[in-house]
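Encoded as structure tokens, the structure appears first; notes follow it.
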Amino acid sequence: MMRTLFLQAPSFEGFDGGAGSRYQARREIRSFWYPTWLAQPAALVPGSRLVDAPPDGLTLDDVRPMARQYELCVMHTSTPSFAADVKVAEALKAENPRLAIGIVGAAVAVSPDASLAASAAIDWVARGEFDFTVQEVAQGRPCARVAGLSYRKNGHVAHTPDRPVLEDMDALPFVTPVYRRDLTVENYAIGYLRHPYVSLYTGRGCRSRCTFCLWPQTVGGQRYRTRSPEHVIEEMTLARRLFPEVREFFFDDDTFTDDLPRAEAIARRLGPLGMTWSVNAKANVPYDTLQLLKDNGLRLLLVGYESGDQRILNNVRKGVRLDAARRFTRDAKALGITIHGTFILGLPGETRETIEATIRFAREIDPDTIQVSLAAPYPGTALYEEARRNGWLEDGELVDGAGVQQSALGYPHLARTEIFRSVDRFYRRFYFRPRKMISLAAEMVRDGRVLRRRLREGREFLRFLRQHR
């Protein structure tokens with residue numbers, strides 16, 4: 001087995017490693033997700049080490065000397081971070097010319113040839129799911145015998161056959177022992193989750209067909225492939241022993257509620273463990289299921305509402321009706337379930353009127369907290385192809401030089417600069433209401449830990465709004 005370093009490379013100050021991996025930008029509030037996509041193959045490679053530079057505050061100067069200690073380095077990348085990640089790879093290769101460097105992630109999966117052409121420092125890239133691809137490389141197998149790999153051969157790029165999609169998700173080892181061994185849980189914080197928290201996956205893929213969503217269209221697939229409830233509970237029982245300090249566990253599956261019978265089965269087993277947990281959900285979960293989840297430890301649902309205009313939801317194949325979303329939200333609130341709602345501005349069909357409708361909708365259903373993003377046309381998604389066909393892709397860069405998300409899409413009737421400015425207006429009109437401010441203040445009064453966090457996050461949020469404006 002090769003001595004292997006799994007590296008989440010240094011990034012912008014305030015970088016948010018969202019979606020379990022390298023995400024797109026600095027966010028409104030400094031936050032860090034777990035590098036689960038790297039921890040999973042790290043669990044398959046004995047003696048490996050996982051280094052997550054952004055939450056640990058590590059710079060390039062800090063990680064460069066690590067190159068001398070390893071034979072293989074595996075880095076996770078994304079479209080916005082790829083150029084910066086290449087520079088890190090080149091610095092590592094200069095430090096140790098014999099170090100083999102592989103890159104994984106959706107960005108290289110959809111463009112393997114261009115990714116390898118970007119730098120001679122990159123020896124190979126993995127396509128699709130890469131857990132066992134990485135394991136076989138670390139075992140020393142020749143690249144030609146590793147499925148799902150693209151690599152250099154005699155001056156050109158060679159591709160091995162695609163790796164079959166993993167069906168037996170229970171074949172994946174637990175990630176929590178890697179977290180305990182290599183990560184500092186206190187460094188990971190998300191504004192709407194209790195601190196400290198731990199996040200992990202219980203399945204991959206999503207049954208929805210949202211045109212903008214990156215992971216199901218590139219790596220996870222549009223079937224929900226899941227670990228058995230028994231496998232999940234075994235890891236959660238272990239996680240409870242490994243992390244007695246953790247106050248909340250988050251299941252980061254794209255849509256945990258895609259399989260309601262399984263969600264209920266896991267909930268029934270989690271209840272006796274006395275754990276607090278939260279999940280991603282679609283805004284169509286029936287009341288009886290919500291009640292069962294709540295009764296067995298569910299605290300929060302992260303819900304992608306996206307828009308308050310039904311035509312836009314139809315345009316992006318969201319598969320949810322606004323009346324169902326309203327009913328779902330009322331049900332969750334009646335049961336005392338906290339909701340973090342996410343919205344996207346600039347999707348196909350957006351107008352000044354639909355932006356206003358979405359702001360009104362958010363204020364009407366009134367999630368506890370919200371996140372407002374700009375439509376991000378990632379390569380490999382249907383949204384990207386649609387934008388390219390129609391000439392909507394006005395700027396190929398998804399973030400600016402400081403890591404702040406940009407509005408890449410513009411329309412003849414709605415400039416991307418106006419879409420960008422709408423984010424600020426959305427946040428202000430949602431949060432700067434007496435009822436919402438009283439609600440947040442009451443939560444702070446009830447819990448001193450929440451008070452300290454909210455004061456810090458409030459300063460960061462106001463700074464974000466000033467910089468954004």
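The values are calculated or read from the model by the stated rules, or taken from the named source; none is laboratory data. Just so you know, these numbers come straight off a predicted model, no measurement behind them. Don't worry about glycine lacking a Cβ; one is built from the backbone with ideal geometry, like all the others, and counts go over all protein chains shown. We work out accessible area using only protein heavy atoms, side chains counted, and drop any ligands, DNA or RNA first. Shrake-Rupley method; radii C 1.70, N 1.55, O 1.52, S 1.80 Å.
At-a-glance table
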{"read-out": "All positions within the range 135-192 that are open to solvent by less than 80 Å² (accessible area, probe 1.4 Å), over 28 Å from the mean Cα position of the chain (by Cα) and in contact (Cβ under 8 Å) with a residue 24 or more places away in the chain", "value": "G140, V157"}
{"read-out": "Residue in the range 61-75 that is part of a helix (DSSP H, G or I), touching a Gly at 6+ places or on another chain (Cβ under 6 Å) and open to solvent by less than 40 Å² (accessible area, probe 1.4 Å) present", "value": "no"}
{"read-out": "Residue under evaluation E356, criteria (1) touching a strand residue (DSSP E or B) at 6+ places or on another chain (Cβ under 6 Å); (2) open to solvent by 10 Å² or more (accessible area, probe 1.4 Å), criterion not met", "value": "(1)"}
{"read-out": "Sole exception among (1) open to solvent by less than 10 Å² (accessible area, probe 1.4 Å); (2) on the phi > 0 side of the Ramachandran plot for I266, by number", "value": "(2)"}
{"read-out": "Selection count where residues are part of a loop (DSSP other than H, G, I, E, B) and either touching a residue at least 12 places away in the same chain (Cβ under 8 Å) or crowded, with 18+ Cβ neighbours inside 10 Å (or both), scope the range 212-245", "value": "12"}
{"read-out": "Lone qualifier among R330, R389 - being without any contact (Cβ under 8 Å) to a residue 40 or more places away in the chain, in a helix (DSSP H, G or I), more than 28 Å from A114 (Cβ to Cβ) and open to solvent by 20 Å² or more (accessible area, probe 1.4 Å)", "value": "R330"}
{"read-out": "Output for the range 267-303, where each listed residue is in a strand (DSSP E or B) and either in contact with a Gly (Cβ under 6 Å, 6 or more places away or on another chain) or touching a residue at least 60 places away in the same chain (Cβ under 8 Å) (or both)", "value": "W277, S278, R299, L300, L302, V303"}
{"read-out": "Condition met for A126 (at pLDDT below 95 and either crowded, with 20+ Cβ neighbours inside 10 Å or touching a Gly at 6+ places or on another chain (Cβ under 9 Å) (or both))", "value": "no"}
{"read-out": "Helices (runs of 4 or more DSSP H) enclosed by the range 102-199 - at least 3 residues per element that are hydrophobic (A, V, I, L, M, F, W, C)", "value": "106-110, 112-117, 131-138"}
{"read-out": "Count of residues meeting criterion [open to solvent by 60 Å² or more (accessible area, probe 1.4 Å), assigned to a helix (DSSP H, G or I) and either closer than 17 Å to R209 by Cα or at pLDDT below 95 (or both)] in the range 304-327", "value": "3"}
{"read-out": "For Q371: the one exception among (1) of a type outside the set (A, V, I, L, M, F, W, C); (2) part of a strand (DSSP E or B); (3) modelled with pLDDT of 95 or more", "value": "(3)"}
